[in-house]
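The values are calculated or read from the model by the stated rules, or taken from the named source; none is laboratory data. Worth saying up front: this structure is predicted, and the values here are computed from it rather than measured. In this analysis, Cβ positions are derived from the backbone assuming ideal geometry, glycine residues included, and neighbour counts consider all displayed protein chains.
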Amino acid sequence: MKQINRLKDVGLIDRSKPIEFYFNGSKLYGFKGDTLASALLSNGVYLTSRSIKHHRPRGLFTHDLSEPNSIMQVNVKDKEFINVSATDIYIYPNMKVRNINSWPSLEFDLYALKRIFSKFFQPGFIYKTFMWPRLLWGFYEKLIRKTKGFGKLKSDDDSLRYEKKHSNTDILIIGTGPSAISFAYPALQLGCKILMVEQDSNVSPTMLNIDYIFKNNDQKNEFIKIKNYVLKHSNTKILLNTKVSSVNDHNFSTLIQNSTIINDSNNIYLPDQILWKIRSEKIVIAAGSVERPMLFDNNDLPGIMSSNSISTYINKFGVIPGKNIILYTNNDYSYQMVFDLLQYGIKINAVIDVRKNIHKEILNKLEKNNIKIIFDHEIIKAFGNNCINEIYISSINTRKKITIKCNLLAVSNGFSPVNQFHIQSGGSLKYFDKTDCFIPVETKFSPLHIGGSAGVFDLVESIKYSYLKAIKMFDNQKQDITNLIPIKNFGSIDKYTISKFRSSFLSKMNSKNVFVDYQTDTSLFDINYAVKEGFVFLDHLRRYTLFGTGIDQGKQSNDNIIFLLADILNLSPDQIGHIKSRPPFSSVNFGAISGRNNNSFFDPIRRTSIHNWHERNNAIFENVGQWKRPLYYAKSNENMQESVNRECLAVRNSVGVIDASTLGKIEVVGPDSVDFLNMIYPNKFSSMKTGKCKYSLMLNDKGMIFDDGVIAKLNENHYLIHTTSGGATTVMDWLEQWLQTEWHNFNVTLRSVTDQWTTISINGPKSRILASKLFKNIDFSNESFSFMSYQETSFDNIPVRIFRVSFSGELCFEINVPSNYGQYFWNKTFELGRNLSIVPYGTEAMHILRAEKGYIIVGQDTDGSVTPIDIGAIKMLSKSKDFLGKRSLNRVFFHDNNNRKQLVGLIPDNSKKIIKDGAHIKTLQDQILSGDILGHVTSTYFSPILNKSFALGLVKNGYSMIDQKVLIVDMNLNKSYATITKPIFYDKEGLKQK
Amino acid sequence: MIKYSPSINHINLNKFRNNKDISISEVYFKHYFNIKFDRKVMYDDYINLEVEGLIIPVINNKITHYDNTKLIWISPYEWMCISHSNRFQNICKLPKYSYIDNFKSIFDLSSAYTTIKLSGENFINVLSKLTTLDILLNINSEYCAQTLISNIKTIIWTNDIQKDIFLTVNRSYSQHLLETILDASLEYI
């Protein structure tokens, strides 16, 4: 097992568990705990990818989420991870990894030939070149997409299991580094609940080499004491392997846990990824900073890495990513890498520092270890094919140039605080010259920033700073801070420095090989070119060159570009502004966003008490609101139309039963119930007697129909109103709204009882016989139980409400029983109805039966612009009382028949053909695509009892067009002809239902 | 023939019965009553209202219980009485009490609701997947709340949050809610 770059006994990996994995088909090895990046480096793999535009060879630059180059497509078992950074995924046995964006192989990439024509590939090249001829864009697009872009999505279903979780906490701390620990220390003493989020698999990943961080043992011991206190406290909760996706207003944030951890346990139900939704009193950002790359020619070659990433690879994984090592820096902080290497006996070849001097302590250490330091020099160019092998440096002062061999170049161009969360939550930034970075401008409501995120890059200093910031926050909150245990031994701090370095070479070079954003292949030339074209505003420049739009969102490139633009335009970085970072900070799978809300859990499903019976009897269901209702009951020898015909004829000739439990039912109780109903409905309820029912439309304040149903007077001051199945909730809200706002003086209470009652509607000429069998104590004759009346009784000691109403046009009894006994009563009904050829019927048959009678379905035959006048229900509008919508209906326009669409019937010329729903209705003189549209078809069916098709429609001035022929044009532009009739086709006198 | 038919499919619950990690069961209550009183009378004139030995909670989000009967605070003038005892059918006769002649209404909703009980070590973890309500932060013993669980309006109530929690939901949604809870619980089985 070759591990050419692995140090012995260093790091947190488990060397007892070697892991075999494949990179582009080659078998490689690593250890449990290795990221893909560390495993590749340990095997000596430096070339990991190709750049997106120019297909230049690229290697690992960082160790964390800011990695711009090594984007992979990973398969483990049946799970696939797309566009995942090699630094962000651990290795697993038999993991198969492919780089993206190369062909036929990573080492020999034919697409790299594009570089021959690279002088043509300036920003905006595609838009300028391929916009004509327009018809060929589809062809170009396929070619362009083949040579560009990131990973490939699978075409089949996502195999990952996602979960969403909610949590509340007092303080959410993003990060678990020294500043986070230090902030949590006083907070926990004051009783706060703390949630700490760490993207790494270890707490405080920056503190691995603790002996070299602290100035003395007292500091170290104090920090260890604080850390133990915080991590072991019962009020501390830590989420490891968790990335912050967004920080929003009102301290709401979203986190994504285990986004690249593979569930390799036997429990297949463990979620692969969890989207956390956190609501907290305060958010503290201790997410550190991102080290920026240096700008020089070929600065993107494999083997060029950020200095603190090299430290992490050594300390955490025991991996040294190269041999001849050189550090190129502008700050004191990056020297930590040199000392980390020294700890393991590795001496770097040289340090190239752009400054003229450095911190005395560092200088002493370097001299003590005979490490060569070259001050006041900068790198002009790097050389190498698939890995760096040489650099060309120049004195900043004298411009004298020399060449140095190396195969690992550590670079550090200062640090960019992680301020994206601050911007996401609406905050702004200010440029600080001293630390050469943008610092968040905090307000009372914004998140607090500590440590690197606040521009405090020294770990020791950040411990002191964070503690003081916490104390200040609690003091402002008027909390008692007098008894807090202070942090000791963190007195005065001798500060490190960062030089604001802008290479004078850059302005002269204008090179296409000085990359300012690795992931989008944006070069110095591109920036200059875009500026020349007038894109001088940062956001314009970003959209034109695409910098910062990759998967890494330009975490380490954005600030470099701002500084560059400031230099080009001779402005300060503050005048240039900053990037408006938007969520997500790190990539999130769509699956994680949807969580459990997909497939059968997408929307709640409501089932009636008889649902299981319907399922057992082959019901085909349709969605009505959230309800599942039987559309029809399928039989093996029938198609849908045949089943529906059978059900319709059973109702017309014998007896059919439908589960109508989904109808909305609202009880209205109180001494002012009549006044309330009089205002809600256009009919008059004052003279309604107990035990009677009334059909009415419900109008909105504009006079339009928005629901309908039967209202029954159950008792004095006690009414039951029925609504449509889908409209029940809306109606309840509507009634409550009026009751609580306009008519709050009414002593009325409303209560939805939809779930309480199962409604079984018995329809057909034999329904009276069946009802009599069910309720022997009731006289169901017309005289005793007339149409539109109501009676209460019981069945086997179960309370029963019977309404004699009809939506089928047949003799009908709607029987309501408490839902707990719905199934029992349904079974009894079928048991007693067996000799009467009883048949269950679904909503499709119900629709045909009601349409034959011209009964409307609100929302199908009406569309929110239909008034009672339009459907011929003008008599329903009381003249002697006020009601909702009355004033609107008095407008002349609503009574102008010539301009209103009216509900009419339609008989197609071809009596066997069903007109399409929504088809347009035109005059015979009109053509398919020209002329006025008179209206449209709203309901259309084949009637088995009439043995012909028919339809309902809304037609302009329809009442005056009875018996006229019209042209029908459907959505496929097929035409047919029909005759307009009155909207009633069966039992025109209404004798059957009475 | 059994008259009562449960609203949820009990076969699904087999492996969740008495499971120490997550236990899910339906709790049958014979009676569910929705009670509304005049708010002014409640808060101005009476501190404690007692019906059939049961104290009506006037503090928000509180429940009171006696034997198999619970009174759950729904809003400042609305309560839910959940009971398995016939004795409390008398609650329907509230108007007979002199001090509540300003009552608004009592609705018998005994068939409209289903109650699901969750217990075991992970029931709070399961709920955290389905609701934004922070159970531990907001719910104490003898507490109740109305919230959305998996987008379904649910009354959450508990006698002792350390032991178990009850979800009272409209009957028509109960099977869907149960299936959602079962799916969220699978990782703990």
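Structural remarks
- Count of residues meeting criterion [assigned to a loop (DSSP other than H, G, I, E, B) and farther than 26 Å from A:ASN248 by Cβ] in segment A:547-583: 3
- Top-ranked residue of segment A:599-639 - restricted to ones that are charged (D, E, K, R), assigned to a loop (DSSP other than H, G, I, E, B) and farther than 19 Å from A:THR759 by Cβ, ranked as nearest to the other protein chains (Cβ to nearest Cβ): A:ASP603
- Sub-8 Å Cβ pairs linking a first residue in segment A:633-652 that is free of Cβ contacts under 8 Å to residues at least 24 places away in the same chain to a second residue that is assigned to a loop (DSSP other than H, G, I, E, B) and among the polar types (S, T, N, Q), at least 6 apart or interchain, are A:ALA634/A:ASN618; A:LYS635/A:ASN618, ordered by first then second residue.
- Residues in segment A:226-240 that are in a helix (DSSP H, G or I) and more than 13 Å from A:GLN189 (Cβ to Cβ): A:LYS227, A:ASN228, A:LEU231, A:LYS232.
- Per-region count, segment B:78-87, residues farther than 21 Å from B:THR154 by Cβ and at pLDDT 80 or above: 0
- Of the criteria (1) assigned to a helix (DSSP H, G or I); (2) surrounded by 11 or more Cβ atoms within 10 Å (Cβ to Cβ), which one A:LYS154 fails: (1)
- The residue that is farthest from A:GLU378 (Cα to Cα), counting only those in segment A:388-444 that are among the basic types (Lys, Arg) and not in a loop (DSSP other than H, G, I, E, B), is A:LYS430.
- Qualifying residue in segment A:17-30 (condition: touching a residue at least 60 places away in the same chain (Cβ under 8 Å), farther than 18 Å from A:PRO321 by Cα and not in a strand (DSSP E or B)): yes
- When segment A:242-296 is limited to residues that are aromatic (Phe, Trp, Tyr) and within 14 Å of another protein chain (Cβ to nearest Cβ), the one that is nearest to A:ARG161 (Cα to Cα) turns out to be A:TYR269.
- Residue list for segment A:60-80, restricted to those being crowded, with 22+ Cβ neighbours inside 10 Å and more than 23 Å from A:GLY288 (Cβ to Cβ): A:MET72, A:VAL74
- Qualifying residue in segment A:201-210 (condition: surrounded by fewer than 22 Cβ atoms within 10 Å (Cβ to Cβ), in contact with a Pro (Cβ under 7 Å, 6 or more places away or on another chain), at pLDDT below 95 and within 14 Å of another protein chain (Cβ to nearest Cβ)): no
- Within segment A:362-389, considering residues that are acidic (Asp, Glu) and surrounded by fewer than 16 Cβ atoms within 10 Å (Cβ to Cβ), the one farthest from the chain's Cα centre (by Cα): A:GLU367
- Of the criteria (1) under 20 Å from A:PRO799 (Cα atoms); (2) in contact (Cβ under 8 Å) with a residue 40 or more places away in the chain; (3) assigned to a loop (DSSP other than H, G, I, E, B); (4) more than 45 Å from the chain's Cα centre (by Cα), which one A:CYS693 fails: (3)
- From the list A:THR754, A:THR759, the one residue that fits, being part of a loop (DSSP other than H, G, I, E, B), within 14 Å of another protein chain (Cβ to nearest Cβ) and either closer than 22 Å to A:HIS611 by Cα or modelled with pLDDT under 95 (or both), is A:THR754.
- For A:PHE457: the one exception among (1) surrounded by fewer than 20 Cβ atoms within 10 Å (Cβ to Cβ); (2) in contact with a helix residue (DSSP H, G or I) (Cβ under 9 Å, 6 or more places away or on another chain); (3) in a loop (DSSP other than H, G, I, E, B): (1)
- Only residues that are among the polar types (S, T, N, Q) and outside any loop (DSSP other than H, G, I, E, B) were counted in segment A:246-288, giving 7.
- Pairs linking a residue in segment A:216-234 that is charged (D, E, K, R) to a residue that is modelled with pLDDT of 95 or more, with Cβ atoms under 6 Å and 6 or more positions apart or on different chains, are A:LYS227/A:ILE181.
- Members of segment B:115-126 found to be more than 9 Å from chain A (Cβ to nearest Cβ) and at negative phi, listed by number: B:THR115, B:ILE116, B:LYS117, B:LEU118, B:SER119, B:GLU121, B:ASN122, B:PHE123, B:ILE124, B:VAL126
- Qualifying residues in segment A:431-454 (those that are surrounded by fewer than 22 Cβ atoms within 10 Å (Cβ to Cβ) and not hydrophobic (A, V, I, L, M, F, W, C)) - the one nearest to A:ASN248 (Cα to Cα): A:SER446
- The number of residues in segment B:38-76 being within 14 Å of chain A (Cβ to nearest Cβ) and modelled with pLDDT under 75 comes to 4.
- Segment A:167-190, subset surrounded by 24 or more Cβ atoms within 10 Å (Cβ to Cβ) and small (Gly, Ala, Ser), residue nearest to the other protein chains (Cβ to nearest Cβ): A:ALA187
- Selection of segment A:259-285 for residues being modelled with pLDDT of 90 or more and hydroxyl-bearing (Ser, Thr, Tyr) yields only A:SER280.
- Residues of segment A:816-837 that are outside any helix (DSSP H, G or I) and either in contact with a His (Cβ under 6 Å, 6 or more places away or on another chain) or away from every other protein chain (no Cβ under 13 Å) (or both): A:SER837 alone.
- Inclusion of A:SER594 among residues that are among the hydroxyl-bearing types (Ser, Thr, Tyr) and more than 14 Å from chain B (Cβ to nearest Cβ) is not warranted.
- All positions within segment A:704-716 that are more than 17 Å from A:TYR855 (Cα to Cα) and buried (at least 22 other Cβ atoms within 10 Å of the Cβ): A:ALA712, A:LYS713
- Scan of segment A:91-108 for residues that are part of a strand (DSSP E or B) and surrounded by fewer than 21 Cβ atoms within 10 Å (Cβ to Cβ), ordered by number: A:LYS96, A:ARG98, A:PRO104
- The residues of segment A:869-890 that are of a type outside the set (Gly, Ala, Ser) and assigned to a helix (DSSP H, G or I), listed by number, are A:ILE874, A:LYS875, A:MET876, A:LYS886, A:ARG887, A:LEU889.
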